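Structure first, then comments.
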Amino acid sequence: MQLEDLLKQVTDRFNFDDTPKQPPFKCPRCSESTDTKTLSDNMWVCPKCGYHSRISAFDRIKMTADEGSFTETDKGLSSLNPIEFPGYEEKISEMQEKTGLTEAVITGICTIHNEKCVIGVMDSHFMMASMGSVVGEKITRAFELAQREKLPLVLFTASGGARMQEGLVSLMQMAKTSGAAARLSQSGGLYITVLTDPTTGGVTASFASLGDVIIAEPKALIGFAGRRVIEGTIKQRLPEDFQSAEFMLENGFVDMIVDRKNMRRTISHLIRLHRPNGERTVPEAPAK
Amino acid sequence: MDDLILTPFDRLSIVRHKNRPTIKDYLPLIFTDFFEMHGDRYHGDDRAILGGICRFDGKPVTVIAEVKGRDVFENKEVNFAMPHPDGYRKALRLAKQAEKFSRPVICFIDTPGAYCGVGAEKRGQGEAIARNLYEFMTLRTPVVSVVLGEGGSGGALALGVCDELAMLENAVYSVISPRGFASLLWKDASREEEACNIMRITAEDAVSLGVADHIIAEPAGGAHNDMETTAENISKTLCKMLKSNSQKNIDDLLNSRYNKFRRIGEFSEITPS
Ligand SMILES: [Zn+2]
C-alpha cells in the first residue's frame, strides 16, 4: 500500500464513527467475557474488574481530545531498515495495513476541555508499540514542538520496549527522547505522562518515567524487565500485582492512578494548575 | 589483528574470555590517586558500579565504571556487572558532583545489561536509567565513555550519554544480548551466533551507525594478551577525547551532545498533500 493511501485511510478512520466488530472481550486480568458493545460503552474498561484494556490510538484521541480539535503532526514518517533485518519492511507494511497506522505513535496538537496541548499516543497494536527510529523521532519532535510553542505535552505511553529489529539504533532513541524531555523541562515546559497497559522496557527506562506528573491507568502493566525474564532469573513465580500500576504507585514511581472516565478532566485541571495563576485558557461554559 | 577477519561472534567470544581485563585491571594503569566513593545516599552501595575521583594525566577526573568480576567470588560481589537502580543513582550522584567541581566524567561500560529482579523493579530500574539519560544529557561538564567489553542494552546506555564514545576493538554494543534477540524474534535462543552476526554490534558498526566516535586498538587475539598496551591505547584515546571537549564552551558542548543523539535514526518522510 502506498503511504499516501495509508494516510487517507488513517484520516478516514478518524472521521468514520463505527463500533469495531470484534469477538467478545476476554479480560486478561479477571478472565471474564464482555461483549464489545458493553465494553465500548464503558470506554473499553472491563466492567467486572476495572482493567483498562488496550485501545487504539484513534480511540484514545477520540475520547481525550475535544471534538474536532486534533491536528496530526509529522504523519509522513515511516520506518526504514537500519540494520537490514530480514523481513522488517514486510512486517512494517503488514502492520500498517492491519492497524491503519503508519507507525506505533500518533502525535499532534489538540485541546482537552479547551486547554491546548501537544499530544502523543502510542498504540500497542502496532508491533507492541516498540520504539524504533520513527517512534523516537516523533516523540522527540513532540517535545521540541511543545518547547517551541510553549504548550504542555501529554504523552499516553504503551510499549513493549525497544524495536529489536532496528538494533542499536533503537536503543539510542531512549537517549534521544530523554534528552528532548530534559530540554523541555529546562525551558519550564509541563510534561504529563499517562502510562497505559503495557508500558515496559526501553520506554519505561526513558521518556515514560520522566514526566513532571506521572499518571497511570488502573491495572496497567508497568515495569522495566519482562515478568518471565525475572521469573527465570529468580526461579520463582511473581505475585499477580507485580509491576501493576498499583505496585508502581505503592513503590513511588507514579503520582496517581486515574480512571479513563476522569482522564480528560484530570489532565485539563493539571494543565491549569501549572499556569502562574491557575487560569483557564477559555472561560468555562455555563454548566448544563 | 589485520591478518584475520573476525566475525561479530568471534568478538563476543573475546570479550567474554575469562581473562578479559576489567576496569579493576585498567584503573591503576590509567589513573593515579584513586579514591573510591560508595553509595547512592538512598538505599545502598551497588558494587556492580564503581566510582570515585582520581587523576588522569595529572588532572582531577570522576570515574564511573561497570565492573565485571574476574572470578566467581568477584562476580558474586559485583552481580556479574548487572547494576541495580542504586548503582545508576550512585553514578548520577558522582556525575553531579563532578559537574559541581568542574571535573570531566569518564564512564566505562562493561555490562550484559541492567539487573532484572524484584528489588530492581521495586526500586525503579526504569526510572533510574531514564533519570541518568536525562541528567547526563544536560550535565554541564564534559562526559566521555568507553565500552570495554559488553555494552548491553539500557544498562549500558545509562553510562553512555556522552560527548564522545570510544569502543575497544572487540567490544560490542547492542540493544539486547544476541541470545535474547534470537529468543525474542525467532523464539529460539540457540540461534545466538546467527543473531550476533546480523545485529551489527561491533565497534565498526557502532561507528557507522553514528553511535561510537573512536575505536581503540587491541593487541592480537584480544586485550587479555597485553593489558598494558591496551591500557596505553585507552589512555591515548581518553586524552584525545578530553582535550577536544574540554576546550568547548559549555553550551556548545551540550548542544553537540544533544545533536549527537538527536541525529540517530533512519526513516523516510513524505509531506502529505
Ligand atoms: Zn476484568
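A single member of B:90, B:96 is open to solvent by 50 Å² or more (accessible area, probe 1.4 Å) and part of a helix (DSSP H, G or I), and it is B:96.
The condition of being free of Cβ contacts under 8 Å to residues at least 60 places away in the same chain and under 16 Å from the mean Cα position of the chain (by Cα) holds for only one of B:72, B:105, that being B:105.
Among the conditions (1) touching a Ser or Thr at 6+ places or on another chain (Cβ under 6 Å); (2) not in a strand (DSSP E or B), the only one that residue B:166 does not satisfy is (2).
Mind listing whichever residues of the stretch B:158-181 are more than 19 Å from residue B:245 (Cβ to Cβ) and at the interface with chain A (Cβ under 10 Å from one of its Cβ atoms)? Across the stretch B:158-181, the qualifying residues are B:158, B:172, B:173, B:174, B:175, B:176, B:180, B:181.
Selection of the stretch B:45-61 for residues being open to solvent by 60 Å² or more (accessible area, probe 1.4 Å) and within 18 Å of residue B:74 (Cβ to Cβ) yields only B:47.
To keep it simple, each residue is scored yes or no on (1) more than 14 Å from every other protein chain (Cβ to nearest Cβ); (2) closer than 23 Å to residue A:105 by Cα.
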{"site": "A:205", "(1), (2)": "no, yes"}
{"site": "A:217", "(1), (2)": "yes, yes"}
{"site": "A:230", "(1), (2)": "no, no"}
{"site": "A:233", "(1), (2)": "no, no"}
{"site": "A:237", "(1), (2)": "no, no"}
{"site": "A:277", "(1), (2)": "yes, no"}
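Here is the figure for the stretch A:244-276: residues that are among the polar types (S, T, N, Q) and within 14 Å of residue A:214 (Cβ to Cβ) total 2.
Of all residues in the stretch A:244-255, those being in contact (Cβ under 8 Å) with a residue 24 or more places away in the chain and within 7 Å of another protein chain (Cβ to nearest Cβ) number 1. Against the numbered list (1) at pLDDT below 95; (2) away from the ligand (no atom under 16 Å from the Cβ), residue A:95 comes up short only at (1).
One residue is enough: does the stretch B:172-185 have a residue meeting the conditions assigned to a loop (DSSP other than H, G, I, E, B), more than 16 Å from the chain's Cα centre (by Cα) and at pLDDT 95 or above? Among the residues of the stretch B:172-185, not one is assigned to a loop (DSSP other than H, G, I, E, B), more than 16 Å from the chain's Cα centre (by Cα) and at pLDDT 95 or above, which makes the answer no. Within the stretch A:46-67, being open to solvent by 20 Å² or more (accessible area, probe 1.4 Å) and within 11 Å of the ligand (Cβ to nearest atom) holds for A:47, A:48, A:49, A:50.
Scanning the stretch B:64-73 for residues that are assigned to a helix (DSSP H, G or I) and surrounded by fewer than 24 Cβ atoms within 10 Å (Cβ to Cβ) turns up at least one hit.
Would you confirm whether or not the stretch A:144-156 contains a residue that is farther than 30 Å from residue B:201 by Cβ, more than 10 Å from chain B (Cβ to nearest Cβ), in contact (Cβ under 8 Å) with a residue 60 or more places away in the chain and out of contact with any Gly (no Cβ under 9 Å at 6 or more places or on another chain)? Yes: one or more hits. Give the stretch A:23-41 a look and list any residue that's surrounded by fewer than 16 Cβ atoms within 10 Å (Cβ to Cβ) and not acidic (Asp, Glu), or say none. If the condition is that a residue be surrounded by fewer than 16 Cβ atoms within 10 Å (Cβ to Cβ) and not acidic (Asp, Glu), then A:23, A:24, A:26, A:28, A:30, A:31, A:33, A:36, A:37, A:38 are the ones that fit. Checking every residue in the stretch B:129-147 against the condition of being surrounded by fewer than 24 Cβ atoms within 10 Å (Cβ to Cβ), on the phi > 0 side of the Ramachandran plot and more than 7 Å from every other protein chain (Cβ to nearest Cβ) gives zero matches. Of the residues in the stretch A:68-84, not one is basic (Lys, Arg), part of a helix (DSSP H, G or I) and either in contact with a His (Cβ under 9 Å, 6 or more places away or on another chain) or away from the ligand (no atom under 16 Å from the Cβ) (or both). Name the single residue, out of those in the stretch B:227-255 being within 12 Å of chain A (Cβ to nearest Cβ) and under 23 Å from the mean Cα position of the chain (by Cα), that is most open to solvent (accessible area, probe 1.4 Å). The selected residue is B:255.
The values are calculated or read from the model by the stated rules, or taken from the named source; none is laboratory data. Worth saying up front: this structure is predicted, and the values here are computed from it rather than measured. Methodologically, a virtual Cβ is constructed for each residue, glycine included, from the backbone with ideal geometry; neighbour enumeration extends over all protein chains shown. When the accessible area is computed, the model is the full protein with side chains, heavy atoms only, and any ligands, DNA or RNA have been set aside. Shrake-Rupley method; radii C 1.70, N 1.55, O 1.52, S 1.80 Å.
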